[in-house]
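Every read-out reported here was derived from the displayed coordinates using simple, explicitly stated rules and does not represent laboratory data. Because the structure is predicted, anything quoted here is derived from the model rather than measured. Using ideal geometry, Cβ is built from the backbone for each residue, glycine included, and neighbour counts are taken over all protein chains shown.
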Amino acid sequence: MSFFYIKALHIIFIVTWFAGMFYIVRLFVYNTEANEKSEPEKGILQAQYKIMMKRLWYGITWPSAILTLILGPTTLYLYSNTIPAWMWAKLGFVLCLYAYHLFLHKIFKEESKGIFKLSSTQLRVWNEIATILLVAIVFLVVVKSLLSFVWGLIGLLAFTSLLMLAIKIYKRSRDKKSK
């Protein structure tokens, strides 16, 4: 019975972790775009985004990532003594997700210091990395098959291509409106 409670908590913290990662990148985009504005608007916006980013990152995203990391292996331990092949693939994507999280932390630290290395367009692309990893992980967990994973990977590549195309179209549309 405790397995289901732990699994439910694991899923809840996965959801809050993803929510934090999706939203923090949007805040990075807005903060970067505010950097292009003139004073006093720039200073007011960036001060507010800095507060919002700090609260989101340390109050929701990091705790959720840590609790996901604790509850995931606990769930796996309670679930089975053997780890199926699809789970190894999922764990590979989860490892990529933690690497992505750490990269976001680097951006968070830089933007908190007023360092803007990525453009708002580049940040929009980075925002889709979490989407791609989410799709891959959910499909593996639900389908539980490596053969289906191959087809899912092909679909994931097509999905990724469509996302990148949508970002380019959005940028062109936005650039036309600003002229």
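Its Cα gyration tensor gives segment 1-65 an equivalent ellipsoid; the semi-axes, largest first and in whole Å, are 34, 9, 5. For segment 13-110, GluC sites (Glu not before Pro) meeting the loop criterion (DSSP other than H, G, I, E, B) and having at most 13 other Cβ atoms within 10 Å: E36.
Calculated from the alpha-carbon coordinates, segment 106-175 shows an Rg and a Dmax of 15.7, 46 Å respectively.
Against the chain, whose longest principal axis comes from its Cα atoms, helix 120-143 is set at around 10 degrees. Summary of packing: across the peptides 44-50, 12-18, the per-residue average of other C-beta atoms within 10 Å ranks them, highest first, as 12-18, 44-50.
Please check: in the Gaussian network model of the chain (C-alpha springs, under 10 Å), which one of P40, P63, P84 has the largest mean-square fluctuation. Per the Cα network of the chain with a 10 Å cutoff, P40 tops the list. Between helix 62-79 and the chain there is an angle of about 10 degrees, using the helix long axis and the longest principal axis of the Cα atoms. Note on K42: lysines with a C-alpha under 28 Å away, same-chain residues under 8 apart excluded, are K50, K54, K106, K109, K113, K117, K168, K171, K176, K177, K179. Checking [x] -0.67, -0.96, -1.17; [y] -0.48, -0.84, -1.14; [z] -0.57, -0.95, -1.20 against the coordinates, the calculated log10 I(q)/I(0) by the Debye sum over Cα atoms at q = 0.11, 0.15, 0.18 Å⁻¹ falls under label [z].
Note on F3 and F159: with the Förster distance fixed at 45 Å, the Cβ-Cβ geometry gives a FRET efficiency of about 0.90.
Compute the helix-to-body angle for 41-56: its Cα long axis versus the longest principal axis of the chain, expressed 0 to 90° and rounded to tens. So the helix axis and the longest Cα principal axis differ by about 10 degrees.
Helix-only estimate, please: 222 nm mean residue ellipticity of the chain, summing -39500 (n - 2.57) across DSSP H runs of length 4 or more and dividing by its residues, to the nearest 500. Kindly include the intermediate steps, with their values, before the conclusion.
Values: 6 runs with 152 residues, N = 179.
Computed mean residue ellipticity for the chain: -30000 deg cm²/dmol.
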